[in-house]
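Some notes on the structure that comes next.
The values are calculated or read from the model by the stated rules, or taken from the named source; none is laboratory data. Remember, predicted model here, so these are calculated numbers, not experimental data. Backbone-built Cβ (ideal geometry, glycine too); neighbour counts: all protein chains shown.
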Amino acid sequence: MEAFVFWVFAILAVIGAGLLIFHKNPVNSALSLIMTLFCTASLFVLLHAGFVAVLQVLVYAGAIMVLFIFVIMMLNLQRESLGLRRNAFKKALAAIIALALGVKMALIMGAQTLPRPELNAWFGSVERVGALLFTEYLLPFEALSVLLLAAIVGAVMVAKTRV
Amino acid sequence: MNWLTTITFNHYLILAMLLFSLGIVGVMLRKNGLIVFMSIELMLNAVNLVFITFAAMHGNETGHVMVFFIMTVAAAEAAVGLAIFVALFRNKETVYVDEAADLKR
(Lines give C-alpha, C1' and ligand atoms only; values in the text may rest on other atoms or scores of the structure.)
Protein backbone atom coordinates (compact mmCIF):
# COMPACT_ATOMS: atom_id res chain seq x y z
CA MET A 1 0.00 0.00 0.00
CA GLU A 2 2.80 2.39 0.90
CA ALA A 3 4.59 1.48 -2.32
CA PHE A 4 1.50 2.29 -4.41
CA VAL A 5 0.98 5.68 -2.75
CA PHE A 6 4.68 6.49 -3.03
CA TRP A 7 4.89 5.72 -6.74
CA VAL A 8 1.72 7.64 -7.61
CA PHE A 9 2.79 10.80 -5.81
CA ALA A 10 6.47 10.55 -6.79
CA ILE A 11 5.66 10.25 -10.49
CA LEU A 12 3.13 13.10 -10.27
CA ALA A 13 5.72 15.26 -8.50
CA VAL A 14 8.33 14.67 -11.22
CA ILE A 15 5.75 15.34 -13.95
CA GLY A 16 4.80 18.60 -12.25
CA ALA A 17 8.44 19.66 -12.00
CA GLY A 18 9.00 18.89 -15.68
CA LEU A 19 5.92 20.89 -16.69
CA LEU A 20 7.14 23.78 -14.52
CA ILE A 21 10.38 23.99 -16.49
CA PHE A 22 9.15 23.35 -20.00
CA HIS A 23 5.75 25.01 -20.18
CA LYS A 24 5.33 28.18 -22.20
CA ASN A 25 2.65 29.82 -20.09
CA PRO A 26 3.85 31.07 -16.66
CA VAL A 27 0.42 30.51 -15.09
CA ASN A 28 0.52 26.84 -16.09
CA SER A 29 4.04 26.61 -14.69
CA ALA A 30 2.80 27.97 -11.35
CA LEU A 31 -0.12 25.51 -11.29
CA SER A 32 2.16 22.54 -11.98
CA LEU A 33 4.47 23.70 -9.20
CA ILE A 34 1.42 23.64 -6.90
CA MET A 35 0.83 20.05 -7.99
CA THR A 36 4.43 19.15 -7.15
CA LEU A 37 4.19 20.81 -3.74
CA PHE A 38 0.97 18.97 -2.96
CA CYS A 39 2.51 15.62 -3.96
CA THR A 40 5.54 16.22 -1.73
CA ALA A 41 3.15 17.07 1.12
CA SER A 42 1.58 13.65 0.63
CA LEU A 43 5.03 12.05 0.77
CA PHE A 44 5.65 13.95 4.04
CA VAL A 45 2.59 12.18 5.46
CA LEU A 46 4.10 8.83 4.45
CA LEU A 47 7.23 9.83 6.39
CA HIS A 48 5.25 10.53 9.61
CA ALA A 49 5.49 14.34 9.26
CA GLY A 50 1.84 15.33 9.50
CA PHE A 51 2.35 18.82 10.89
CA VAL A 52 4.87 19.77 8.21
CA ALA A 53 2.62 18.33 5.51
CA VAL A 54 -0.27 20.54 6.63
CA LEU A 55 2.07 23.55 6.72
CA GLN A 56 3.28 22.71 3.23
CA VAL A 57 -0.24 22.76 1.81
CA LEU A 58 -1.37 25.84 3.74
CA VAL A 59 1.72 28.05 3.53
CA TYR A 60 3.59 26.87 0.44
CA ALA A 61 0.92 25.66 -1.96
CA GLY A 62 -1.59 28.11 -0.53
CA ALA A 63 -0.07 31.44 0.41
CA ILE A 64 3.24 31.62 -1.46
CA MET A 65 1.96 30.24 -4.74
CA VAL A 66 -1.10 32.53 -4.62
CA LEU A 67 1.38 35.41 -4.36
CA PHE A 68 3.20 34.10 -7.44
CA ILE A 69 -0.02 33.78 -9.43
CA PHE A 70 -1.14 37.26 -8.36
CA VAL A 71 2.10 38.75 -9.66
CA ILE A 72 2.03 36.75 -12.92
CA MET A 73 -1.53 37.88 -13.60
CA MET A 74 -0.82 41.47 -12.54
CA LEU A 75 2.11 41.72 -14.96
CA ASN A 76 -0.18 40.14 -17.60
CA LEU A 77 2.58 38.15 -19.29
CA GLN A 78 1.58 37.01 -22.73
CA ARG A 79 1.98 33.48 -23.94
CA GLU A 80 5.51 33.43 -25.19
CA SER A 81 7.70 31.22 -27.29
CA LEU A 82 9.59 28.95 -24.93
CA GLY A 83 12.20 31.33 -23.57
CA LEU A 84 15.32 29.23 -23.38
CA ARG A 85 18.70 30.86 -23.14
CA ARG A 86 20.77 30.39 -26.25
CA ASN A 87 24.05 29.98 -24.50
CA ALA A 88 26.12 26.91 -25.19
CA PHE A 89 28.16 27.37 -22.03
CA LYS A 90 25.06 27.28 -19.85
CA LYS A 91 23.82 24.14 -21.57
CA ALA A 92 27.18 22.44 -21.11
CA LEU A 93 27.17 23.40 -17.45
CA ALA A 94 23.64 22.02 -17.03
CA ALA A 95 24.69 18.77 -18.69
CA ILE A 96 27.73 18.44 -16.41
CA ILE A 97 25.62 19.04 -13.30
CA ALA A 98 23.02 16.52 -14.48
CA LEU A 99 25.78 13.96 -15.09
CA ALA A 100 27.31 14.52 -11.65
CA LEU A 101 23.90 14.11 -10.02
CA GLY A 102 23.35 10.93 -12.03
CA VAL A 103 26.58 9.47 -10.65
CA LYS A 104 25.42 10.51 -7.18
CA MET A 105 22.12 8.75 -7.80
CA ALA A 106 23.91 5.54 -8.72
CA LEU A 107 25.93 5.81 -5.51
CA ILE A 108 22.77 6.28 -3.43
CA MET A 109 21.14 3.29 -5.10
CA GLY A 110 24.12 1.12 -4.22
CA ALA A 111 24.28 2.35 -0.64
CA GLN A 112 22.90 0.47 2.32
CA THR A 113 19.80 2.03 3.81
CA LEU A 114 19.05 2.08 7.50
CA PRO A 115 16.14 -0.11 8.57
CA ARG A 116 12.97 1.76 9.40
CA PRO A 117 13.01 2.68 13.09
CA GLU A 118 9.89 2.10 15.14
CA LEU A 119 8.36 5.57 15.41
CA ASN A 120 5.64 6.07 17.97
CA ALA A 121 2.27 7.41 16.91
CA TRP A 122 3.00 10.94 18.11
CA PHE A 123 6.13 11.38 16.00
CA GLY A 124 5.85 14.61 14.01
CA SER A 125 2.63 15.76 15.65
CA VAL A 126 1.88 19.42 16.36
CA GLU A 127 2.57 18.93 20.08
CA ARG A 128 5.98 17.35 19.64
CA VAL A 129 7.27 19.73 16.94
CA GLY A 130 5.74 22.72 18.72
CA ALA A 131 7.39 21.78 22.00
CA LEU A 132 10.76 21.54 20.24
CA LEU A 133 10.12 24.87 18.52
CA PHE A 134 9.32 26.72 21.71
CA THR A 135 12.06 25.28 23.92
CA GLU A 136 15.24 24.34 22.12
CA TYR A 137 14.75 26.52 19.03
CA LEU A 138 13.09 29.53 20.65
CA LEU A 139 15.79 32.03 19.67
CA PRO A 140 15.82 31.14 15.93
CA PHE A 141 12.02 31.18 16.02
CA GLU A 142 11.95 34.73 17.37
CA ALA A 143 14.68 35.79 14.94
CA LEU A 144 12.47 34.55 12.11
CA SER A 145 9.71 36.93 13.14
CA VAL A 146 12.18 39.82 12.81
CA LEU A 147 13.17 38.46 9.38
CA LEU A 148 9.53 38.39 8.29
CA LEU A 149 9.02 41.96 9.48
CA ALA A 150 12.09 43.08 7.52
CA ALA A 151 10.80 41.23 4.46
CA ILE A 152 7.39 42.93 4.68
CA VAL A 153 8.93 46.40 5.00
CA GLY A 154 11.45 45.67 2.24
CA ALA A 155 8.81 44.33 -0.16
CA VAL A 156 6.58 47.37 0.35
CA MET A 157 9.48 49.78 -0.14
CA VAL A 158 10.83 48.05 -3.26
CA ALA A 159 7.46 47.72 -4.95
CA LYS A 160 6.19 51.19 -4.03
CA THR A 161 8.86 53.58 -5.20
CA ARG A 162 9.59 54.43 -8.82
CA VAL A 163 13.36 54.30 -9.16
CA MET B 1 11.41 -6.32 -8.63
CA ASN B 2 11.90 -5.88 -4.94
CA TRP B 3 12.67 -2.18 -5.32
CA LEU B 4 9.21 -1.59 -6.80
CA THR B 5 7.28 -2.98 -3.85
CA THR B 6 9.52 -2.18 -0.90
CA ILE B 7 9.99 1.56 -0.42
CA THR B 8 13.21 2.41 1.41
CA PHE B 9 14.61 5.78 2.40
CA ASN B 10 16.80 5.66 -0.72
CA HIS B 11 13.69 6.04 -2.86
CA TYR B 12 12.84 9.32 -1.15
CA LEU B 13 16.43 10.57 -1.48
CA ILE B 14 16.55 9.76 -5.18
CA LEU B 15 13.21 11.50 -5.75
CA ALA B 16 14.50 14.58 -3.90
CA MET B 17 17.63 14.55 -6.05
CA LEU B 18 15.56 14.35 -9.25
CA LEU B 19 13.43 17.32 -8.17
CA PHE B 20 16.54 19.28 -7.20
CA SER B 21 18.26 18.68 -10.54
CA LEU B 22 15.08 19.63 -12.43
CA GLY B 23 15.15 22.87 -10.45
CA ILE B 24 18.78 23.47 -11.45
CA VAL B 25 17.94 22.91 -15.11
CA GLY B 26 15.08 25.39 -14.82
CA VAL B 27 17.35 28.04 -13.30
CA MET B 28 19.98 27.45 -15.99
CA LEU B 29 17.78 27.34 -19.08
CA ARG B 30 14.77 29.63 -18.63
CA LYS B 31 14.86 33.35 -19.39
CA ASN B 32 11.63 34.25 -17.64
CA GLY B 33 12.66 35.49 -14.20
CA LEU B 34 9.44 34.33 -12.55
CA ILE B 35 10.02 30.76 -13.71
CA VAL B 36 13.63 30.91 -12.53
CA PHE B 37 12.22 31.96 -9.18
CA MET B 38 9.73 29.10 -9.10
CA SER B 39 12.56 26.68 -9.93
CA ILE B 40 14.39 27.93 -6.85
CA GLU B 41 11.27 27.19 -4.79
CA LEU B 42 11.30 23.68 -6.29
CA MET B 43 14.90 23.19 -5.16
CA LEU B 44 14.05 24.36 -1.64
CA ASN B 45 11.18 21.88 -1.63
CA ALA B 46 13.50 19.02 -2.62
CA VAL B 47 15.78 19.91 0.28
CA ASN B 48 12.75 19.87 2.60
CA LEU B 49 12.04 16.33 1.44
CA VAL B 50 15.61 15.30 2.32
CA PHE B 51 15.25 16.83 5.79
CA ILE B 52 12.00 14.95 6.42
CA THR B 53 13.51 11.69 5.16
CA PHE B 54 16.47 11.91 7.50
CA ALA B 55 14.18 12.90 10.38
CA ALA B 56 12.21 9.69 9.86
CA MET B 57 15.39 7.67 9.39
CA HIS B 58 16.86 8.74 12.72
CA GLY B 59 13.62 9.14 14.67
CA ASN B 60 14.52 12.76 15.46
CA GLU B 61 12.17 15.71 14.97
CA THR B 62 14.82 18.40 14.51
CA GLY B 63 14.45 17.97 10.76
CA HIS B 64 10.80 19.01 11.01
CA VAL B 65 11.82 22.21 12.81
CA MET B 66 14.37 22.90 10.06
CA VAL B 67 11.69 22.50 7.40
CA PHE B 68 9.52 24.98 9.29
CA PHE B 69 12.39 27.49 9.22
CA ILE B 70 13.10 26.89 5.53
CA MET B 71 9.44 27.50 4.68
CA THR B 72 9.45 30.80 6.55
CA VAL B 73 12.63 31.96 4.82
CA ALA B 74 11.15 30.92 1.47
CA ALA B 75 8.06 33.01 2.18
CA ALA B 76 10.17 36.07 3.00
CA GLU B 77 12.30 35.48 -0.08
CA ALA B 78 9.22 35.16 -2.30
CA ALA B 79 7.77 38.43 -0.99
CA VAL B 80 10.96 40.42 -1.58
CA GLY B 81 11.80 38.74 -4.90
CA LEU B 82 8.36 39.30 -6.37
CA ALA B 83 8.50 42.93 -5.27
CA ILE B 84 11.79 43.24 -7.16
CA PHE B 85 10.18 41.76 -10.28
CA VAL B 86 7.25 44.18 -10.01
CA ALA B 87 9.70 47.09 -9.77
CA LEU B 88 11.72 45.70 -12.69
CA PHE B 89 8.62 45.36 -14.83
CA ARG B 90 7.53 48.88 -13.96
CA ASN B 91 10.88 50.32 -15.09
CA LYS B 92 11.84 48.14 -18.05
CA GLU B 93 8.60 46.41 -19.15
CA THR B 94 10.26 42.99 -18.96
CA VAL B 95 10.76 40.06 -16.59
CA TYR B 96 13.40 38.40 -18.75
CA VAL B 97 16.62 38.12 -16.79
CA ASP B 98 18.89 38.59 -19.81
CA GLU B 99 17.23 41.89 -20.73
CA ALA B 100 17.93 43.26 -17.26
CA ALA B 101 21.72 42.84 -17.23
CA ASP B 102 22.34 46.52 -16.57
CA LEU B 103 25.23 46.01 -14.20
CA LYS B 104 27.23 44.24 -16.91
CA ARG B 105 29.57 46.55 -18.83
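A few remarks follow.
- For region A:91-101, residues that are under 24 Å from the mean Cα position of the chain (by Cα) and loosely packed, with under 13 Cβ neighbours inside 10 Å total 4.
- A:ALA63 vs. criteria out of contact with any strand residue (DSSP E or B) (no Cβ under 6 Å at 6 or more places or on another chain) and within 10 Å of chain B (Cβ to nearest Cβ): yes
- Whenever a residue of region B:1-14 is surrounded by 10 or more Cβ atoms within 10 Å (Cβ to Cβ), its partners that are in a loop (DSSP other than H, G, I, E, B), lying with C-beta atoms within less than 6 angstrom and at least six residues away or across chains, give the pairs B:THR8/A:THR113; B:PHE9/A:THR113; B:ASN10/A:THR113.
- Counting the residues of region A:1-23 that are more than 7 Å from chain B (Cβ to nearest Cβ), at pLDDT below 90 and farther than 16 Å from B:GLY23 by Cα gives 1.
- Residue within region B:26-42 that is at pLDDT 90 or above and more than 20 Å from A:ALA30 (Cα to Cα) present: no
- Subset of region B:74-95 that is within 21 Å of A:SER145 (Cα to Cα) and not aliphatic (A, V, I, L, M) - its residue that is surrounded by the most Cβ atoms within 10 Å (Cβ to Cβ): B:GLY81
- Filter result for B:VAL95 (modelled with pLDDT under 85 and under 23 Å from A:VAL158 (Cα atoms)): yes
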